[in-house]
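The structure appears right after this line, and notes come after that.
Each reported figure results from applying straightforward, stated rules to the coordinates on display, with no laboratory input. Bear in mind the structure is a predicted one, so any value in this text is a computation, not a measurement. Please note: Cβ atoms are built from the backbone with ideal geometry, for glycine as well, and neighbour counts cover all protein chains shown.
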Amino acid sequence: MGFTEIYGYILSYFGIGFLGIGILLSIGLIIPACYWLFTSLAVNKGSVVFRRMLVMLAVIYISFSYLGSPAFYEAAGWWKITFLGTFILGFIVPVFRMDIVRLDRRRDRGLAWISSAWWILLVFSEALLVSGAPHQVVVLYLFIGIAGILCGSMIGTTLAQTARRKIAESAQAAGGQ
Amino acid sequence: MIDISVISKVRKVIFWVAVSAVTLFGVIAIISFVLSSGVLKKPLQYPKVVPEIRLNPGERKVFEFESFCLDHSRGGPRSTDAYSLMSTPAMKLRPYLRDIFDEYLSHPSRWNQSDVQQAVWYTEGRTKWETLSPEQRKLIQSATGKEDPASGHPVIFLSRMASAFGVVVKTNLFLALIFLGLVVLTLPSPFAVIERGISWMVGPRLVQKLSQSRFGQALNTLAANKGLESLRIHTDVLFTRLVFRLFSRRR
């Protein structure tokens, strides 16, 4: 073996160690990350718009970088269109049903449920990827669909809540006069 | 306010990390040099077989090439995908790949293209030696001089593990880091939320230590930053104004 081969040979042992640490860390951190996601998304207190916009950007970034990885090359060719379609759907539904929005709710359970579905699908897809299962197109489309619904409904729900507050304020003002 | 002593500590840490890394890579390089200095390198035959391509400005030539797939797990190229002729780092990084191509190009009439393809995929470490046909085993043995050379090879093992776990590790670590950042940036007392998230993994003592440490305090201080608070409020106010304006027009 030449210099490069031996150098790579020795370095790969360190690489195996680092990868092992990375695997352990990623397994350990995925659960607190999920808790942090639910907490920051569902709470209706404080600066909700700022928080949900950042969470939406984070979900888009993670979903897109996961599906864009070489492991899924050609697996789900229409995923961007699927995301756009489900995003619109997720946005429209809460806006059109703003009559059922309750302003006194401390936590938004719907968003927490959708984000948990997104997280479960991500972990399931990762498990399939690691196990070497050849076909997971259905899971990938479901994952990106849920990601679109989650992102759309984050903005849609926030818009519906704000609009509902405006309507309630206007009604109160009209009643006062 | 930024603590000056923290900056000098960070500088020291960076310096010692850099020195340790240089020492480690240097020692490995010396060991590799000593081990490889006495070994005779097998001369490659393919430069004699492959024609040298030189084109004058505006000149056009047509060559036919045989191509091989280097990554068994990837999907086939689409008809619209562009092909380009270029060197690949896999030739240097993946063990035995160069030997197999060299053997095939040196004796093209002796080996089948499909057997060479199987041998190329074998260097990824996903194919078991027992599943190869006798002809494919013979090709690998003639090229590398070993029986089942991929078995137990750390470079092949690492690349196989990295291709399986790399995406998962990257995604999960990014996810954890991004959501940790979001908790700090968007919640009023972030360490309480972080604490509840990690309390199942680490003992209560460690959690308490972390919350009292500079790290915990720094996170809470960052979350209470006035600039950040004003950014949060302004974003909310802007969005609310936009929605109010939209609904005022409608009414």
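So which trypsin sites (Lys or Arg not before Pro) in segment B:53-107 pass both tests, a DSSP loop state and at most 12 other Cβ atoms within 10 Å of the Cβ?
Hits after loop and neighbour filter: B:54, B:60, B:61, B:78.
Kirkwood Rh, Cα Rg: Rg to Rh for segment B:73-174?
Values: Rg = 15.4 Å, Rh = 15.2 Å.
The Rg/Rh ratio comes out at 1.01.
How big is the equivalent ellipsoid of the protein assembly as shown along its three axes, where each semi-axis is √(5λ) from the Cα gyration tensor, reported in whole Å from largest to smallest? Display every interim value, and only then the final one.
On the way: eigenvalues 569, 174, 76 Å².
Taking √(5λ) for each Cα gyration eigenvalue gives 53, 29, 20 Å.
Filter the GluC sites (Glu not before Pro) in segment A:70-177 down to the DSSP loop ones having no more than 16 other Cβ atoms within 10 Å, then list what survives. List each step's numbers first, then the result.
Working: sites: A:74, A:126, A:169; in loops: A:74.
Those that pass, being in a loop and sparsely packed, are A:74.
Counting only Cα atoms, I'd like the Rg/Rh figure for chain A, Kirkwood definition for Rh.
On the way: Rg = 21.5 Å, Rh = 18.8 Å.
My calculation of the ratio gives 1.15.
Could you give the longest part of chain B that holds none of the GluC sites (Glu not before Pro) found in DSSP loops with at most 16 neighbouring Cβ atoms within 10 Å? Provide the component values of the computation, followed by the final result.
Working: sites that count: B:52, B:59, B:64, B:66, B:147.
Maximal segment without exposed cleavage sites: B:148-251.
Calculate for chain B the 222 nm mean residue ellipticity that helices alone would give, adding -39,500 (n - 2.57) per DSSP H run of length 4 or more and normalising by residue count, nearest 500 deg cm²/dmol. Show your work: numbers first, answer last.
Numbers: 11 runs with 159 residues, N = 251.
It comes out at -20500 deg cm²/dmol, rounded to the nearest 500.
Could you give P(r) for segment B:173-250, binned at 10 Å from zero, as whole percent values over all Cα-Cα pairs?
Distribution as computed: 17, 36, 24, 14, 7, 1 percent.
Evaluate 2.2 N^0.38 Å with N set to the residue count of segment A:1-59, then give the Cα radius of gyration divided by it.
On the way: Rg = 20.3 Å, N = 59, 2.2 N^0.38 = 10.4 Å.
Rounded to two decimals, the normalised Rg is 1.96.
Greater than 23 Å separation of Cα atoms is the criterion. Which listed pairs, B:92/B:170; A:166/B:226; A:45/A:166; A:80/A:166, meet it?
Values: B:92/B:170 25 Å; A:166/B:226 28 Å; A:45/A:166 17 Å; A:80/A:166 34 Å.
Correct reply: B:92/B:170; A:166/B:226; A:80/A:166.
So how do B:69, A:34, A:151 line up by other beta-carbon neighbours within 10 Å, fewest first? Intermediate values should be presented prior to the final figure.
On the way: B:69 11, A:34 21, A:151 25.
Taking fewest neighbouring Cβ atoms as first place, the list is B:69, A:34, A:151.
Exactly which trypsin sites (Lys or Arg not before Pro) in segment B:129-159 are in a DSSP loop and have at most 14 other Cβ atoms within 10 Å?
Details: sites: B:137, B:138, B:146; in loops: B:146.
Answer in residue order: B:146.
Amide H of residue A:43: which non-local residues (sequence gap of 5 or more, or other chain) have their own amide H closer than 5 Å, using H built in the peptide plane?
Here A:108 satisfy the definition.
Could you check the simple spin-label distance between residue B:114 and residue B:16, using points 7 Å along Cα→Cβ, in nm with one decimal?
6.1 nm
So for chain B, what percent of the C-alpha to C-alpha distances run longer than 26 Å? Present the calculation step by step, with values, prior to reporting the outcome.
Details: 21251 of 31375 pairs.
Considering chain B, 68 percent of its Cα-Cα pairs are separated by more than 26 Å.
Using the Kirkwood formula on the Cα atoms of segment B:161-218, what hydrodynamic radius do you get, in angstrom to one decimal?
Values: mean 1/r = 0.0779 Å⁻¹.
Kirkwood hydrodynamic radius for segment B:161-218: 12.8 Å.
Ignore the peptide's own chain and count Cβ atoms of other chains within 10 Å of each Cβ in A:42-49; give me the average, rounded.
Values: counts 0, 3, 0, 2, 6, 14, 5, 10.
Mean partner-chain Cβ count within 10 Å for A:42-49: 5.
Looking at chain B, identify the longest residue range that excludes and avoids all chymotrypsin sites (Phe, Trp or Tyr not before Pro) in DSSP loops having at most 13 other Cβ atoms within 10 Å.
On the way: sites that count: B:63, B:65, B:83, B:200.
That would be B:84-199.
Which longest uninterrupted range of chain A lacks any trypsin sites (Lys or Arg not before Pro) assigned by DSSP to a loop state (not H, G, I, E or B) and surrounded by at most 10 other Cβ atoms within 10 Å?
On the way: sites that count: A:45, A:102, A:106.
Excluding the exposed sites themselves, the longest stretch runs over A:107-177.
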